[in-house]
1. Answer yes or no: is there a residue in region 186-201 that is charged (D, E, K, R) and part of a helix (DSSP H, G or I).
2. Identify all residues within region 255-273 that are aliphatic (A, V, I, L, M), touching a residue at least 12 places away in the same chain (Cβ under 8 Å) and more than 20 Å from Arg199 (Cβ to Cβ); write none if there are none.
3. Have a look at Ala252, Ala226, Ala231, Ala259 and point out the one that is of a type in the set (A, V, I, L, M, F, W, C), part of a helix (DSSP H, G or I) and buried (at least 19 other Cβ atoms within 10 Å of the Cβ).
4. Please determine, by comparing only the residues of region 8-66 that are of a type in the set (Phe, Trp, Tyr) and at pLDDT 85 or above, which one is surrounded by the most Cβ atoms within 10 Å (Cβ to Cβ).
5. With Leu195, Leu215 as the choices, which residue is in the same structural domain as Thr138 (by TED's automatic domain parsing) and farther than 26 Å from Lys135 by Cα?
6. Would you check if there is a residue in region 189-196 being over 30 Å from Arg148 (Cα atoms), of a type in the set (A, V, I, L, M) and touching a residue at least 12 places away in the same chain (Cβ under 8 Å)?
7. Quick check on region 98-109. Is at least one of its residues β-branched (Val, Ile, Thr) and in a helix (DSSP H, G or I)?
8. So is Leu215 hydrophobic (A, V, I, L, M, F, W, C), surrounded by 13 or more Cβ atoms within 10 Å (Cβ to Cβ) and modelled with pLDDT of 90 or more or not?
Amino acid sequence: MSTILTHSISLSFRGRRRASIAATLAVILMWVVGAYFVDVSLGRTSIYSGVTLLVCLFALTLIGLRKRLIMLPLMSVSTWVQIHIYTAMFACVAYVIHVPSIIANGYFESVLSWLFIVVSVSGFYGLYTSRTAPKRLTALSTQVRYDRIAWHRDQIVIAAKKLLDQLPETPDRNVLASFYQTHVQPHFVSPVKFLYLMRPTTTKKRQLLGALADLDRYMDARVRQAAGKLAALIRTRDELDYQYAIQFRLRAWVILHAAMSLLLLVTSIFHAILVLGWMGS
C-alpha cells in the first residue's frame with residue numbers, strides 16, 4: 001500500500017513539474033514574440049527587456065521575505081521556491097535578449113553582467129545541492145543537526161579517552177594509546193579543513209583505519225576490542241565531518257546567494273535610474 005502511495009505521489013509531482021515547465025516555456029515564448037513585435041514596430045526592445053528583468057529581480061528577492069513571514073497565509077514556502085525557480089529561468093531568457101553580448105560593454109554594465117551570471121550560476125548550483133544534499137544525509141546511519149555537530153565531536157573525544165583509561169597498563173595498551181595520541185587525537189580535536197568542505201572525501205578515515213588495522217598483531221583480545229571501538233569512533237567522526245560539510249555548504253550558499261542577489265537588485269535599480277536619466281536628457 002505504501003509503495004503504491006509513494007508511486008502515486010511521485011507521478012503527481014512529476015506531472016506538476018512538467019506542467020510548470022510547460023507553462024514557463026509558454027510564457028517565455030509569448031514574451032519573446034512580444035519582444036519581436038516591439039522591435040519591428042521600432043520600439044525600444046532594451047526597455048521592454050530591461051523592465052522585465054527588473055520586475056523579475058524584485059520577484060526573485062521576495063522569497064527571502066516570505067521565509068521570514070512564515071506566519072502569514074502567503075502560500076507555502078515550497079510553492080514560493082517553485083515560483084522562484086521558474087521566474088529565474090524566465091529572467092535568464094530576458095537577460096539574453098536584453099544585453100548585446102553575454103558580458104555587456106562598459107565598466108559598470110560589465111560588472112552588472114558578471115553579477116547576474118554569478119547569481120544565476122549560484123542559483124542553479126543551489127538547486128542541484130538542495131535536491132541532492134538531503135539524499136546524501138539520509139543515506140548516513142545517523143542525522144545530526146548542524147548546531148549539534150560540535151557537541152557530538154566533543155563526545156567522541158571524551159569517549160576515546162575513557163576507552164583508553166579503562167584499559168590496564170600493558171605494552172599493547174601503550175601501543176594503542178601512542179597511536180591514538182599521535183594520529184587519532186589530533187584528527188578528533190582539529191576543525192574540518194577548508195578543502196574537505198569543498199570536496200568531502202574518506203581519505204583520512206581510510207588512512208587511520210588502515211594504520212589501526214596494522215596494529216592488530218600487537219594486541220591481545222581486550223585491547224583489540226578497544227581498538228574496534230576506536231575504529232567505530234573514527235567512522236562516526238567521519239560521518240559528522242561529512243554532515244558538517246554538506247550542511248555548511250547549504251548554509252553558506254543561502255547567505256552568499258541572498259547577498260549577491262540583493263547586490264544585483266540594487267545595482268540594477270541604479271542602472272535603470274541612469275538609463276532613464278540618459279533618455280530624459
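The values are calculated or read from the model by the stated rules, or taken from the named source; none is laboratory data. In this text the structure is predicted, and so the values were computed from the model without any measurement. Cβ atoms come from the backbone with ideal geometry, glycine included; neighbour counts cover every protein chain shown.
1. no
2. Residues satisfying the conditions are Ala258, Met260, Leu262, Leu263, Leu264, Leu265, Ile269, Ala272.
3. The match here is Ala226.
4. Among those that are of a type in the set (Phe, Trp, Tyr) and at pLDDT 85 or above, it is Tyr48.
5. Leu215
6. Within region 189-196, not a single residue is over 30 Å from Arg148 (Cα atoms), of a type in the set (A, V, I, L, M) and touching a residue at least 12 places away in the same chain (Cβ under 8 Å).
7. Taking every residue of region 98-109 in turn, none turns out to be β-branched (Val, Ile, Thr) and in a helix (DSSP H, G or I).
8. no
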